[in-house]
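Peer 1: A single structure is presented below for examination.
The values are calculated or read from the model by the stated rules, or taken from the named source; none is laboratory data. Just so we're clear, the structure is a prediction, and the values are computed from it rather than from any experiment. All Cβ positions, glycine included, derive from the backbone under ideal geometry; neighbour counts span all protein chains shown. To get the accessible areas, we keep the full protein, side chains included, count just its heavy atoms, and leave off ligands, DNA and RNA. Shrake-Rupley method; radii C 1.70, N 1.55, O 1.52, S 1.80 Å.
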Amino acid sequence: MASDKPQNWILIGNAEDLKRDLASNGGLKEIIFGEKKVALSFFENKFGAIGSRCNHMGGPLARGKIEGGYVECPWHYWKFHHQSGEAMNTVGEPIAKSGGSIPSYNLKVENGDLYLDLASETKRISATYNQGLPISHLFREPKREPGRIRVVGISTTSMDKNHPRYSTSIHLLKSSLLRAENELDVETKFLALHEMNIRPCEGFYSKSERACSWPCSITKIDFNDEMAKIYDALVFWADVVVVATPIRWGSASSLYYKMVERLNSIQNQITLKNKVLIQQKVASFIITGGQDNIQMISGQMLSFFGELGFVSPPFPFVGHSLGWTAEEMERNTDFVQRNEKLHEQAFELLQRSVDLSKTLLAGNN
Ligand code: FES
């Protein structure tokens with residue numbers, strides 16, 4: 001029986017040419033009708049046409065790939081059937097209970113040509129999201145909870161957590177946190193990146209600035225990733241952050257940069273939405289190494305944390321190095337362990353940071 005629904009068949013092109021074209025494009029291609037973008041596909045001898053805008057964050061499905069009959073979004077890998085537009089049961093991101101459904105279109109081949117019925121577009125069914133997930137707390141608006149000044153110390157040095165070694169930067173950081181807790185009426189927390197399972201940034205921002213989200217897309221994809229602890233500390237809990245790094249070939253540690261790349265998701269909110277997640281918070285730095293380049297490292301750290309929204313106290317870092325010719329690391333560790341002046345300087349840095357935090361918070365009341 002003929003359908004009495006209105007139809008609007010549009011010629012797309014010769015079916016054989018399109019098959020060849022699609023085969024050379026990995027089975028997918030974007031076609032545009034006015035405002036509409038459609039992901040045209042050819043898989044196991046069947047054409048398919050669905051909307052090209054992903055249900056998750058609007059990623060361009062037509063630029064993804066097709067596997068097992070499903071189109072995978074290039075941004076965060078949600079999958080939708082290439083003909084029906086229905087999301088795969090596991091959409092690739094545990095935060096979504098269901099990926100919903102993408103609009104789909106009827107197609108027909110007549111006299112060797114492929115036609116698409118624009119009027120047959122089905123309704124988009126939006127994704128639904130799980131509640132009460134381990135990262136739900138990251139979705140709230142940042143708001144300072146009342147209480148004492150809170151200081152988080154973050155160690156970025158690398159080591160095997162099962163075989164820890166002595167670290168000069170950790171020693172200075174921990175000794176200053178302990179003293180601050182006893183003498184400054186503050187709460188403290190110590191986080192060591194080497195004890196956490198942190199996935200590297202996958203460069204979502206490089207795909208599109210809109211593909212980099214807050215909370216971080218990786219945090220939402222992988223609940224085993226522990227970067228959420230750093231986000232929670234920096235965005236919500238702490239008033240002051242002290243970041244400690246060793247010097248590695250004239251730069252901060254590799255774990256420092258791993259963390260920094262993941263913090264792009266905070267900075268990107270400013271670029272994209274004019275949303276500043278970090279306000280009236282203080283950052284300062286401890287930099288130690290057998291060899292030097294402290295000024296360059298501190299400059300980089302200051303500029304990055306400034307870009308996140310942190311401010312820094314006067315004399316914002318403590319640096320220690322025995323200089324370029326010092327390769328004798330036993331002497332270096334002895335020096336730091338025994339050097340009271342260095343520990344005093346680290347504590348004073350923390351004191352300046354806490355003082356600045358108090359001033360900022362008082363100005364806020
Ligand atoms: S999976 Fe498509 S936009 Fe995130």
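Peer 1: Taking only C-alpha pairs under 8 Å that are 6+ residues apart, what is the relative contact order of region 67-114 in percent? Present the calculation step by step, with values, prior to reporting the outcome.
Peer 2: Values: 62 pairs, mean separation 12.5, N = 48.
Once normalised by length, the contact order is 26 percent.
Peer 1: Taking all protein chains as present, what is the carbon and sulfur share of the accessible area of the chain, in % to the nearest whole number, probe 1.4 Å? The partial results should precede the final answer.
Peer 2: Numbers: 8850 of 18070 Å².
That share works out to 49 percent.
Peer 1: Step through the residues of region 141-149 one at a time and calculate ³J(HN,Hα) from phi using the Karplus curve (6.51 cos²θ - 1.76 cosθ + 1.60, θ = phi - 60°), rounding each to whole Hz and writing x for Gly and Pro.
Peer 2: Values, residue by residue: 6, x, 8, 5, 7, x, x, 5, 4 Hz.
Peer 1: Kindly report, to the nearest 10 Å², the accessible surface of HIS194 as traced by a 1.4 Å probe over protein heavy atoms only.
Peer 2: Estimated to the nearest 10 Å², HIS194 gives 30 Å².
Peer 1: Whole-Hz Karplus ³J(HN,Hα) for region 24-33, in order, using 6.51 cos²θ - 1.76 cosθ + 1.60 and θ = phi - 60°, x for Gly and Pro?
Peer 2: Here the 3J(HN,Hα) series is 7, 10, x, x, 9, 7, 8, 10, 10, 10 Hz.
Peer 1: Work out how much length ILE32 to GLU16 would gain on full extension: take 0.36 nm times their residue separation and subtract the Cα-Cα distance, in nm to one decimal. Before the final figure, lay out the partial values.
Peer 2: Details: separation 16, 0.36 × 16 = 5.76 nm, distance 1.98 nm.
Result for the pair: 3.8 nm of gain on full extension.
Peer 1: Suppose the chain between LEU133 and LEU118 were pulled fully straight at 0.36 nm per residue; how much longer would it get relative to their current alpha carbon spacing?
Peer 2: On the way: separation 15, 0.36 × 15 = 5.40 nm, distance 3.90 nm.
In short, 1.5 nm is gained.
Peer 1: Same structure, new question: Which one of ASN8, ASN111, HIS81 has its Cα pushed farthest toward the positive end of the charge dipole of the chain, where Lys and Arg give +1 and Asp and Glu give -1 at the Cβ?
Peer 2: Going by the Cα projections, it comes out as ASN8.
Peer 1: Return the inverse of the average 1/r over all pairs of distinct C-alpha atoms in region 171-239, which is the Kirkwood hydrodynamic radius, in Å to one decimal.
Peer 2: On the way: mean 1/r = 0.0704 Å⁻¹.
Result for region 171-239, one decimal place: 14.2 Å.
Peer 1: Read phi for every residue in region 167-180 and hand back ³J(HN,Hα) as whole Hz from Karplus 6.51 cos²θ - 1.76 cosθ + 1.60, θ = phi - 60°, with x for Gly and Pro.
Peer 2: Rounded to whole hertz, the list is 10, 5, 5, 5, 4, 5, 5, 5, 5, 6, 5, 5, 5, 4.
Peer 1: Could you please state, rounded to a whole Å, how far the C-alpha centre of region 288-361 is from the C-alpha centre of region 199-260?
Peer 2: For region 288-361 versus region 199-260, the Cα centre distance is 21 Å.
Peer 1: Follow-up question, since we're still on this one. If you bin the C-alpha pair distances of region 9-129 every 10 Å from 0, what whole percents do you get?
Peer 2: Final binned percentages: 15, 49, 29, 7, 0.
Peer 1: Once both labels are modelled 7 Å past Cα along the beta-carbon direction, what's the ASN364-GLN337 spacing in nm?
Peer 2: 4.0 nm
Peer 1: Can you figure out the FRET efficiency of ASP4 with SER24, using R₀ = 30 Å and their beta-carbon distance, to the nearest 0.05? Spell out each step's value before the answer.
Peer 2: Details: r = 39 Å, r/R0 = 1.31.
The calculated FRET efficiency here is 0.15.
Peer 1: Same structure, new question: Principal axis extents for region 33-76, Cα atoms only, whole Å, descending order, please.
Peer 2: Taking max minus min along each principal axis of the Cα atoms, region 33-76 gives 28, 26, 13 Å.
Peer 1: Scale the Cα Rg of region 6-69 by the rule-of-thumb value 2.2 N^0.38 Å and send over the ratio, two decimals.
Peer 2: Numbers: Rg = 12.0 Å, N = 64, 2.2 N^0.38 = 10.7 Å.
Rg over 2.2 N^0.38 Å, computed on Cα atoms: 1.12.
Peer 1: I need two numbers for the chain: Rg to one decimal and Dmax as a whole number, Cα atoms only, in Å.
Peer 2: My reading of the Cα-based Rg and Dmax gives 26.9, 91 Å.
Peer 1: With only alpha-carbon atoms in the gyration tensor, what are the semi-axes of the equivalent ellipsoid for region 56-108, in Å, largest first? All intermediate terms of the calculation are to be shown ahead of the outcome.
Peer 2: Numbers: eigenvalues 60, 29, 20 Å².
Equivalent-ellipsoid dimensions as semi-axes: 17, 12, 10 Å.
Peer 1: For the chain, what is the accessible area per residue in Å² when the probe is 1.4 Å?
Peer 2: Numbers: 18070 Å² over 365 residues.
That works out to 50 Å² for each residue.
Peer 1: Evaluate Rg over Rh across region 74-217, taking Cα atoms for both radii and Kirkwood's formula for Rh. Can you show the working numbers first?
Peer 2: On the way: Rg = 24.7 Å, Rh = 20.6 Å.
Looking at region 74-217, the ratio lands at 1.20.
Peer 1: Another one. Strictly over 28 Å apart at the Cα level, which of LYS5/LYS207; LYS220/LYS281; LYS189/LYS273 would you flag in this model?
Peer 2: Too far apart for the 28 Å limit: LYS5/LYS207; LYS189/LYS273.
Peer 1: Moving on. What's the extension gain from GLN295 to LEU272 if we count 0.36 nm per residue and subtract their Cα-Cα distance? The partial results should precede the final answer.
Peer 2: Working: separation 23, 0.36 × 23 = 8.28 nm, distance 3.11 nm.
Length gained, GLN295 through LEU272: 5.2 nm.
Peer 1: Another question, if that's okay. If you wrap a convex hull around the C-alpha atoms of region 256-355 and split its volume per residue, what is the figure in Å³? List each step's numbers first, then the result.
Peer 2: Working: hull volume 10.2 nm³, N = 100.
Dividing the Cα hull volume of region 256-355 by its residue count gives 102 Å³.
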